[in-house]
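Inspection log for the structure reproduced underneath, given as structure tokens.
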Amino acid sequence: MVRLPGKPDDRQQFGVLVVGVAGYMLIEGWDLQRAFFFTVITVTTIGYGDYGLSRNGELFTSVVILGALG
């Protein structure tokens with residue numbers, strides 16, 4: 001079994017970030033910077049409201065938020 005560095009919480013947060021960015025890039029067609037920014041403002045509950053989402057993007061955002069809750 002391979003052990004990844006870091007605490008389990010750190011790995012979970014990193015996983016949510018990676019999945020969030022990849023998901024927004026695929027679902028919304030966003031570039032890396034916009035997908036990263038939107039993921040960070042979503043999981044930190046800042047949510048500026050400056051980007052509109054497709055229906056699939058809204059569903060995906062719900063999954064990202066639930067994943068970030070731990």
Semi-axes, largest first, in whole Å: what does sqrt of 5 times each Cα gyration tensor eigenvalue give for the chain? 23, 13, 11
Roughly how tilted is helix 8-27, in degrees to the nearest 10 and between 0 and 90, from the longest Cα axis of the chain? 30 degrees
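Among residues other than Tyr51 whose Cβ falls under 12 Å from its Cβ, what is the net charge (Lys/Arg +1, Asp/Glu -1)?
Around Tyr51, the charge tally is -2.
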Between Leu59 and Ile41, the two model label points (7 Å from Cα along the beta-carbon direction) sit apart by a distance in nm of 2.5 nm
Simple spin-label estimate for Leu66/Val18, 7 Å along Cα→Cβ, in nm, reads 2.2 nm
Asserting the computed 222 nm helical MRE of the chain (DSSP H runs at least 4 long, -39500 (n - 2.57) per run, divided by residue count, to nearest 500) equals -22000 deg cm²/dmol
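Over the chain, what is the relative contact order in whole percent, taking alpha-carbon pairs under 8 Å and six or more residues apart?
Working: 39 pairs, mean separation 25.8, N = 70.
It rounds to 37 percent for the chain.
Using 0.36 nm per residue, how much length does the chain from Tyr51 to Asp31 gain when fully extended, once their Cα-Cα distance is taken away?
On the way: separation 20, 0.36 × 20 = 7.20 nm, distance 1.32 nm.
Full extension of this stretch gives 5.9 nm more.
Every read-out reported here was derived from the displayed coordinates using simple, explicitly stated rules and does not represent laboratory data. Computed from a prediction, not measured in an experiment: that's the story for all the values here. Don't worry about glycine lacking a Cβ; one is built from the backbone with ideal geometry, like all the others, and counts go over all protein chains shown.
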